[in-house]
Each structure stands twice: as C-alpha cells, then as structure tokens.
Amino acid sequence: MGREHESRTLIVGAGAAGRMVAEEMHSRPEHGYRVVGFLDDDPGKLGRTISDTPILGSISDLVDIVKAHDVRDIVIAMPSASGHTIREVVGFCEEAGASFKIVPGVWEIILGDVTISQLREVRPEDLLGRETVSLNLEAMIGDLRGKRVLITGAGGSIGSELARQVAAFDPGKILLMGRGENSVYAIDQEIGQYYPDVERHAIITSISDARGVESIFRDHRPEIVFHAAAHKHVHLMQAYPDEAIKNNVTGTKILLDAAVRYGSERLVMLSTDKAVKPRGAMGASKRLAESILIERAARGCDTKLMAVRFGNVLASRGSVVPLFRQQIRLGGPVTITHPDVTRYFMTIREAAMLVLEAGLSGHGGEIFVLDMGEPIRIADLAAHLIRLSGLEPGKDIAIEFCGLRPGEKLHEELWYSDETLSRTSHDKVMVVQSPAASLVTNLKERVAHLEKLAHACNRNQVLEELADIFPDMKPRTMHDKADTGS
C-alpha cells in the first residue's frame, strides 16, 4: 500500500500502550495506518521521539495538531486515565472532526497483547475511566472456595455479575435466587456453560416470602449471602411506596433473620447513595434496611452483617444509558430531568468487584462506601452518547428537559454530613465510622407501623410516615410535584 493511501494517525498517550500501538502499526503496514506523532501531558516527554515518532504536544493541543498534520484517525491509548481525562480527550476528538478509537482493557496492556484488530469504538464505560481495580485474590479464594453462596436478585445487573465473579472462585454451591424467572434462568445457564463444575441452583422466590426464604436456608444452609435484591426505580417506588416497604424493608428483615438463625458466616447487603438524606420512598426504604441491618449487628450475632453503599451502575437496567441509547436509535428526543442533574456512576464489573472486596473483608456492623469518583452531569453524558453514535446533539438528536420527578434529587450524596469515613486496606473502599449512632429513632416501632400501612396498601400514609421519619423527604404525598433542590 502506498503512503498516499495510508491514514495519518495520531496516538494520544505516549506510555506503554501508545508504544505498543505504534509498533504494531509500523510492523503491519497492510492495515493502512501511518503514525505521525504522539500527544502526552508529561512535560518531560515533549519533543522526544518514540520509535522515530515525535511527541508533538500535550492533549490540549489535539485540535490544532490534527489540522496541522492532516490527521484522519486518532487512537486513545490511556488505559489508566480517569473518566474525566477520557471525556476531555473525546471532546477534543469530536471538535477536531477526526475518527477516533480506543485501546482495549488494561489487562491486555499488562499482558503486552495489543493488536490493531482490538482497537474499538469508545463506549460509555470508557467515559467513566478504566477498570483498574486490584483485588486481594488470594484472600478471596480462601473466603469463597468450597462455600455455599446465596445471591438474591441474581437475575439483576449486579446480582448476575456477582454470580459470575463468585463462580470463578470455585465455590461449593451457588444459589441463584430471584423472582424474575427469565433473568434467573439466563444467569443459571451462563454459569453452567462457563463453570460446569460448580454446583448451582436456580431458585424462583421473593425475599418477602418468609416461608420461601426459610426453605432455602433450611435446605441449603448458605454460608455467604450477597443481598442484591431490591426495588430500585425511584419514580415507581414513589408511586408504589407500599411495595418498597414490602420488598426492601420487610424482605431484608426476613433474609437477615434467616441468615442469623441458620448460622450463615456473613451477609452483605447492597445499598445505594439514595439512602442518604432520602427524598423518596426508594431511598427511604433502603435507609431503613441499612438501619435494620446495623441494629441487628449491634445486638450481637455470629453472622457478620454489613452493607455496601454506592451510586448508579452504568448500563444496568435501571441506568439512564440504555434509555438514552434507545431514544437515540428512535431519532430522539433524549429526555433528561434537569439541566444540572448529576449522578455517580461506575461500571457493573467494578461495582461487583468492590462489593466482593468489601463484603469479604468486613468484620460485621459496617456500612462500606465505594469511591465513585466525581459525579457526572447527565446532560454531558447524553451529549457524549449522541456524538458516539455519529450524530450531533441539538441538531440530529434533540435534548429535552422534563423536570425532576417525585422522589428525585439534583445531586446524590454517598454519606451524611455527620458521618465520618475512614479508609480501608483498599483504596476504593471506605467505611462509615460508628453507623449505629445515626440509626432511625424507635426503629422497630416505626418499621412495624410502616409494614402495617404497606400491607393495607395505604400508599399516601406510607409516604407521610416516611416523610415524618426523614425530614429531607419530599413530596409528602405521591401527587405533589418534585422539589428541585439538591
């Protein structure tokens, strides 16, 4: 192929990944790439060459360098960059009007196995930063090998990813529990295909079914429980707060009681940033579930009980990303609640890895908080997704703001202002100090009253009771309009 037909290519990142890409392109000219230079923000690299290829400038110079060197293709080769940096680079690439791709995951870089064929389009998860989570694998193997592990909500996004990761550690048995038969069937079949030697049981029941839960613990005696089952959609739980109480509160109580009664070694409950200063029924129900767990642990039991609190999971069923993608495919508009709304995000895989790390290292009675990085403005995320689809926001795809719905907040928080956090042995896992000090007052009586109202389907009264418990919660009835404060 003559040089006149080669695509002039710029590589962003002059580290190990960038060098691998450049060397691959130099040695495989049949792919049609000609590397004209690198960009890197390390001032010590500016003006140097790598394999006879110059480092032309910093990342902020990208638009000018693309024009000056007639660049057609850009390769982002920054596997350890933060989500903020990747979003910034993507923005420059979009402004320059050049095609751009990204290198594969960090493990391929470590193994020295990067090829041109592996370069791919930028995905939404790249905008959050790359998965560079390190785990204490040796300890995890010891904690999970040969153990009977129950996962509630196993058909959900996080539950199914937990199942995949647990299966890799050679457990004695995996119990895949959920009430959505299709999703539980799917993860059961997947585990059977990839881990045929792991004994598994697909179980269709609800955590709020006390007899069903009892039979699972009686028959299988799970040693480790990951409690991922929950109703999570904010606006639906605001419309049906009775269901939030039945599932998230009563179901958690039933599961905790069974785990303690049957001598499970540990139970790890997945919680949410919406449990902090809850504005709606979903967050309030999860805050009550946290309180029930911490109160039970404080009373003393052999089962180690703990919760892991984190924000939104990218591309999960409850995430905005699948909705935005569908809206883009249909030609728009992309709908966002408020121009300034922000949310914390992490990938499904990273969240599950950190839940395992926190849950298996806890001593009982803790609320762990995952380091979610910086919150992301949803309007910016939507604009990036539209551009990644090859379209222009506001021109090809409209963005419309529809207003915050009941129970939603502009900005989420991961801990209360009066809570203090301390680091754990893992740099992305923190722990709330003295969580028992901020328990709901008269917890037992409050929960009993809420359960009575919920089972009578007195939805407005459930909301009013929750608003009485949590002063930040608005609206007080499901017919009121959402508050737009943070």
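The values are calculated or read from the model by the stated rules, or taken from the named source; none is laboratory data. Please read these numbers as outputs of a predicted model, since none were measured by experiment. Cβ coordinates were reconstructed from backbone atoms using ideal geometry, including for glycine residues, and neighbour counts include every protein chain displayed.
If you go through segment 82-120 and pick out every residue that is among the aliphatic types (A, V, I, L, M), modelled with pLDDT under 80 and either surrounded by 15 or more Cβ atoms within 10 Å (Cβ to Cβ) or outside any loop (DSSP other than H, G, I, E, B) (or both), you end up with 6. Scanning segment 264-282 for residues that are within 16 Å of residue 416 (Cβ to Cβ) and modelled with pLDDT under 95 yields 272, 273, 274, 275, 276, 277, 278, 279. For segment 4-18, the count of residues that are surrounded by fewer than 21 Cβ atoms within 10 Å (Cβ to Cβ), polar (S, T, N, Q) and part of a loop (DSSP other than H, G, I, E, B) is zero.
The residues of segment 171-209 that are buried (at least 19 other Cβ atoms within 10 Å of the Cβ), in a helix (DSSP H, G or I) and hydrophobic (A, V, I, L, M, F, W, C), listed by number, are 184, 187, 191.
With respect to residue 54, is the statement that it is of a type outside the set (A, V, I, L, M, F, W, C), part of a strand (DSSP E or B) and more than 19 Å from residue 95 (Cα to Cα) true?
Considered against the rule, which asks whether it is of a type outside the set (A, V, I, L, M, F, W, C), part of a strand (DSSP E or B) and more than 19 Å from residue 95 (Cα to Cα), residue 54 comes out as yes.
Selection of first residues in segment 204-220 that are over 17 Å from residue 180 (Cα atoms) and of second residues that are part of a helix (DSSP H, G or I) and of a type in the set (Val, Ile, Thr), restricted to Cβ pairs under 6 Å at least 6 apart or on distinct chains, gives the following pairs, ordered by first then second residue: 210/254.
May I ask you to say which residue of 27, 7 is without any contact (Cβ under 8 Å) to a residue 24 or more places away in the chain and polar (S, T, N, Q)? Please lay out each step first, then the result.
Working: 7 fails: without any contact (Cβ under 8 Å) to a residue 24 or more places away in the chain.
Result of the check over 27, 7: 27.
Looking across 413, 357, one residue alone is in contact with a Lys or Arg (Cβ under 9 Å, 6 or more places away or on another chain), surrounded by fewer than 19 Cβ atoms within 10 Å (Cβ to Cβ) and either at negative phi or modelled with pLDDT of 90 or more (or both). It is 413. Of all the residues that make up segment 457-469, how many are outside any helix (DSSP H, G or I) and under 31 Å from the mean Cα position of the chain (by Cα)? Number of matching residues: 0. All told, residue 21 meets the bar of being closer than 25 Å to residue 123 by Cβ and of a type outside the set (Lys, Arg).
Taken over segment 421-456, the residue count meeting the criterion of being surrounded by 12 or more Cβ atoms within 10 Å (Cβ to Cβ) and part of a loop (DSSP other than H, G, I, E, B) is 6.
In a residue-by-residue description of segment 261-284, the property of being under 12 Å from residue 447 (Cα atoms) and either out of contact with any His (no Cβ under 6 Å at 6 or more places or on another chain) or not β-branched (Val, Ile, Thr) (or both) applies to at least one position.
Residues that are in contact with a helix residue (DSSP H, G or I) (Cβ under 6 Å, 6 or more places away or on another chain) and buried (at least 24 other Cβ atoms within 10 Å of the Cβ) were ranked within segment 295-309; the one that is farthest from residue 463 (Cα to Cα) is 305. The set of residues in segment 152-170 that are farther than 14 Å from residue 199 by Cβ, more than 15 Å from the chain's Cα centre (by Cα) and buried (at least 22 other Cβ atoms within 10 Å of the Cβ) comprises 152, 153, 154, 155.
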